[in-house]
Structures are given as C-alpha cells and as structure tokens.
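Enquirer: After the structure tokens below, expect a handful of questions from me.
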Amino acid sequence: MTTRWIEITVGIFVALGLAGLFMLALQVSNLGEYRGGEGYEVHAHFNNIGGLKVRAPVTISGVRVGRVTDIRYDPQRYQARVTMNISAAHDYLPTDTQASIYTAGLLGEQYIALEPGGEEEVLADGDTILFTQSAVVLEELIGRMLVNMTSD
Amino acid sequence: MGAFQRLGQWSLGVLERLGRGHLFLFRTLLALGPLAMRPRLLIRELYSVGVLSLLIIVVSGLFVGMVLGYQGYITLVDFGAAEILGAVVALSLVRELGPVVTALLFAGRAGSALTAEIGLMKATEQLSSMEMMAVDPYKRVIAPRFLAAVISLPLLAAIFSAVGVMGGYFIGVGLLGVDSGSYWSQMQASVDLFEDVMNGVIKSMVFGLVAAWIAVYEGYDCAPTSEGVSRATTRTVVHTALAVLALDFILTGLMFGDL
C-alpha cells in the first residue's frame, strides 16, 4: 500500500463526503427557496386560518410565488393577521388581489392562493390585501349541511 | 456493610475512570496543534478509519433507504398519500437514521479497530518505548487517530443519508411507481436546510467526537494483557452505542422538542 494510493483514496473519501453533504443541501432540502433573493411582504386578515402554518406556500394559479412568514392574532380587528413574503419577480399583483386559504388534497397542508384582480395599482411592501377568504373548517360545513337538511 | 463498601468502591471507580477520561481528552486536544505540522499521520489514519468504513456505510445506507421506501409506501398508500414518500424517507434519514446508524456502524467497524490497535501497542510496550525515545505517544499515536475519527463520522453520515435517499428512490419510484417529480418536490418542500440537514450534521459531529473519544481512551486505558485488550474492545462498542443513543435522545429533544 503506497502512500500515494492512500492519499488518493483519502481524497476520494473526503470528496464523496462533501458531495453527500452538497446533495443533501441542494437536492434534498429547500435551499433553492433561499436563493430566490429578497421579496416584499404583504399582510392579509382572515377570520379563520384553519391549520395554516408559517412557511406554508403562497401560490398564484398553483404556481408557488412566496411563503407565509408570520402568523399572529390582531386584537384590534379580532382576526388573524398573516404576513407573507412574495418574491420580487412577482411585483405586478393588483391591489384588489384576493387571498384564500385552501387545502392541498384531502389531508394535505394548507396554502394561500392569490387571485389577481383588475386594479391598475399594484401591491407594494407592507400593503394589506383587503379581500380574503378564510379556511374551510370541515365541522362548520357539516353543521351547515345539517341545518339545511332540517329546514327542508 | 460489605454491600455498601462494594457500592462505594464501584462508584469511586466510575468517577475515577471519568476523571481520567477527561484528563485524557484534554491532553489529546492539546496534542492536536502539533498535528498540523505532520498531516501525513492524519491522512494514514483517515484511510484506515474513513476510507475502509466506506463500503459498509454505503451498503447499509442503500439498504436502510430501500427498507424505508418499502415500509413508508406500505403505510402511506393506505391514506392515498404515497407521493409524500420522499419526505418520509429524507426526514427520517437526515434527522435520525443517518447520524445514529452511521455512529453505531462506525463504532463496530472503526472504533473497535482503534481500541484494539492502541491497546495492543500498550500491551506490547510500544507506547512506553516511544516515551523512552522522547516521542510523545499523544502526538504520534493518539491525536491523529482521534482527529481522523472526528472528521470521518460527519462525512460518513452525509454519505449514508445521500445513498439512503437514492435507495428510497430506487424502491419508491423504480419499483412501486411513485411519481419521480413528487418524490423530489415533496422532499424539498418538507426538508429544511437549517432545521433538518444542519441539525443532522451537528448530531453526527457530536457522535463523532464521542465515538472517537471512547475508542481511543479505551485503548489507551486498557489493562496491558490480551484479555484487557479484548475487554476494552467490547467496552468501546457497548459504551459508544449507549452514549450515542442517549445523546441522540437529548439532542433530538433540544433540536426538535419545541416544534
């Protein structure tokens, strides 16, 4: 076993280990999302956010354009205040854009879907989305259905 | 009275060993500095500790990933959520199985070899003759082996997790028909670089330190007989496994407990 051979195999070993780390960072984790650069933040108030969590995706027509960065309760409005970060490339959203909380699949995670409106002005950093639609709570739906059935 | 005496003797013995272990670690860390002047020593040890462990790590990583792919699919398909398989495989590998299984395999493959090697050096009085020649065995023997083990374990754990993700991919996508795109996208959506990958790397660094410390110390501290060496080797594997599993519990509580 020559020194040269030992050094070569150690070099390969270290390179393999670093390649494994890089693969975990680039291919397995969400590093790609950090690269998107800074975006701008908009707020939205919801009566009920259901199971929405920080880091949930924000989409337009199903395309991911940002993520939820903060969720807190607004004691002045008695509503939940959701802050989302939208990547700077999508700076063309009209001020009357509607934000709705939907569920991906039957058991999937909840996300915010944006539907652009028709205003000329666009949303800027720190703006608030006025039109929102809360998460659908299954129990409420069933309750309403039961009420409808009894009133017939 | 006799029982109390034996209990006291035992506890004092444990304390003494712990104290000697920490003094040993301290002297080893001091000996790491001069090692920078002689990187050849380190490379030799990296070869026997790291490169020679590569095969067992890659093969076990592949099989653990494939088993995760199977078991995950069997459970998830009942809920119609087989698409999330990638996230299941990657999260379990990156957070837990990668660092822990690598550390356990490492204790069996490399830790025991380190203990036996140093123990035999002590039993055949090679360490004492080094001291006679004014060669510090800490600098010449202990420090390179310790550092090689500390460096190798995080690298091996990263390789283990990466290969395991591939194994899950072979089974999930290749054999069971999960969509390839959703395997990767679900994985990327749920694995966080800092919360999951970095915490896994930190875990494997801690395990590397503990495994290296135990292996080298048991070798240096063993009774200089053939029986003493064999006992020290067994102790290395057992103590490393226990220490890694206990530390994993604590680290997991610290890292993921507040979620």
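Enquirer: Starting from the Cα gyration tensor of the protein assembly as shown, take the square roots of the eigenvalues, sort them a ≥ b ≥ c, and report rounded, prolate or oblate (rounded when a/c is under 1.5, otherwise prolate if a/b is larger than b/c, else oblate).
Expert: prolate
Enquirer: Would you mind classifying region B:1-99 by shape? Square roots of the alpha carbon gyration tensor eigenvalues, ordered a ≥ b ≥ c; an a/c under 1.5 is rounded, otherwise it is prolate if a/b is larger than b/c and oblate if not.
Expert: The shape class here is oblate.
Enquirer: Going by accessible area, probe 1.4 Å, with all protein chains left in place, what is the ranking of B:T252, B:T124, B:T236, largest first?
Expert: Descending accessible area places them as B:T124, B:T252, B:T236.
Enquirer: Which lysines, on any chain, are close to B:K203 with Cα under 19 Å apart, when same-chain ones fewer than 8 places away are left out?
Expert: Answer for B:K203, where 19 Å is the Cα cut-off: none of the lysines qualify.
Enquirer: In terms of solvent-accessible area of protein heavy atoms at a 1.4 angstrom probe, what is the ranking of B:Y47, B:Y73, A:Y73, A:Y102, highest value first?
Expert: Values: B:Y47 30, B:Y73 50, A:Y73 140, A:Y102 80 Å².
Correct descending sequence by accessible area is A:Y73, A:Y102, B:Y73, B:Y47.
Enquirer: If you don't mind, another one. Helix A:3-23 against the longest principal axis of chain A: what's the angle in degrees, Cα atoms only, rounded to the nearest 10?
Expert: 0
Enquirer: Additional query: Note down the magnitude of the dipole of chain A about its Cα centre, charges +1 on Lys and Arg C-beta and -1 on Asp and Glu C-beta and zero elsewhere, to the nearest 20 debye.
Expert: Dipole about the Cα centre, nearest 20: 780 debye.
Enquirer: Where in region B:225-240 is the amide nitrogen less than 13 Å from a point lying 7 Å along the Cα-to-Cβ axis of B:Q126?
Expert: none
Enquirer: Which of B:L193, B:L105, B:L209 moves most in a GNM of chain B, Cα contacts under 10 Å?
Expert: Comparing B:L193, B:L105, B:L209 in the GNM, the peak value goes to B:L193.
Enquirer: Here's a follow-up. Which trypsin sites (Lys or Arg not before Pro) from region A:1-99 combine a DSSP loop assignment with at most 16 other Cβ atoms within 10 Å?
Expert: In loop regions of region A:1-99 (DSSP not H, G, I, E or B), the sparsely surrounded trypsin sites (Lys or Arg not before Pro) are A:R35, A:K53, A:R55, A:R77.
Enquirer: Near B:K139, which lysines are there with a Cα under 23 Å away, not counting those fewer than 8 places off in the same chain?
Expert: B:K122
Enquirer: Probe of 1.4 angstrom, ligands and nucleic acids ignored: what's the accessible area per residue over chain B, in square angstrom? List each step's numbers first, then the result.
Expert: Details: 12460 Å² over 259 residues.
Roughly 48 Å² per residue, with all protein chains present.
Enquirer: Let me ask something else about it. Per residue of region B:46-56, in order, report the coupling 6.51 cos²θ - 1.76 cosθ + 1.60 (Karplus, θ = phi - 60°) as ³J(HN,Hα) in whole Hz, putting x for Gly and Pro.
Expert: Here the 3J(HN,Hα) series is 4, 5, 6, 8, x, 4, 6, 8, 4, 4, 5 Hz.
Enquirer: Which of B:L62, B:C222, B:I202 sits farthest toward the positive end of the charge dipole of chain B, with +1 on the Cβ of Lys and Arg and -1 on the Cβ of Asp and Glu?
Expert: B:C222
Enquirer: Another one. Specify the longest stretch of chain A that does not include any exposed loop site, a site being one of the GluC sites (Glu not before Pro) with a non-H, G, I, E, B DSSP assignment and at most 16 other Cβ atoms within 10 Å.
Expert: A:39-108
Enquirer: Turning to a different aspect of this structure: Which listed residue (A:T95, A:T59, A:T69) has the Cα farthest towards the positive end of the charge dipole for region A:38-142, taking +1 on Lys and Arg C-beta and -1 on Asp and Glu C-beta about the Cα centre?
Expert: Projecting each Cα onto the dipole axis, the largest value belongs to A:T69.
Enquirer: Gain in length, B:T225 to B:V59, computed as 0.36 nm per residue apart minus the alpha-carbon separation, to one decimal in nm?
Expert: Numbers: separation 166, 0.36 × 166 = 59.76 nm, distance 3.52 nm.
56.2 nm is the gain from fully extending B:T225 to B:V59.
Enquirer: With every protein chain left in place and a probe of 1.4 Å, what is the accessible surface of B:F26, to the nearest 10 Å²?
Expert: Ignoring ligands and nucleic acids, B:F26 comes out at about 130 Å².
Enquirer: Quick one: pull the percent of accessible area on region B:29-105 belonging to carbon and sulfur, 1.4 Å probe, ligands and nucleic acids left out.
Expert: Values: 2720 of 3670 Å².
Within region B:29-105, the accessible surface is 74 percent carbon and sulfur.
Enquirer: For chain B, take the longest principal axis of its alpha carbons; what is the angle in degrees between that and the long axis of helix B:2-35, to the nearest 10 within 0 to 90?
Expert: So the helix axis and the longest Cα principal axis differ by about 80 degrees.
Enquirer: Now, a different point. Which one, A:V137, A:A80, A:L123, is farthest towards the positive end of the dipole of region A:38-142 when Lys and Arg carry +1 and Asp and Glu -1 on their Cβ?
Expert: The residue sitting most towards the positive pole is A:V137.
Enquirer: For peptide A:4-17, compute the average count of partner chain beta-carbon atoms within 10 Å of each residue's beta-carbon.
Expert: Per residue, the average neighbour count from other chains is 6.
Enquirer: Sorting B:S204, B:S60 by accessible area (1.4 Å probe), largest first, what list results?
Expert: Correct descending sequence by accessible area is B:S60, B:S204.
Enquirer: Using only Cα atoms, find the angle between the long axis of helix A:138-151 and the longest principal axis of chain A, and express it within 0 to 90 degrees, rounded to the nearest 10.
Expert: The angle comes out near 30 degrees.
Enquirer: Quick check: at a probe of 1.4 Å, how many percent of the accessible area of chain A sits on carbon and sulfur atoms?
Expert: Details: 5330 of 9180 Å².
With neighbouring chains kept in place, the figure for chain A is 58 percent.
The values are calculated or read from the model by the stated rules, or taken from the named source; none is laboratory data. Only a predicted model underlies this, so the values are computations on that prediction, with no experimental measurement involved. Note: ideal-geometry Cβ built from the backbone for every residue, glycine included; neighbour counts use all protein chains shown. The accessibility values were calculated without ligands, DNA or RNA, using every heavy atom of the protein model including side chains. Shrake-Rupley method; radii C 1.70, N 1.55, O 1.52, S 1.80 Å.
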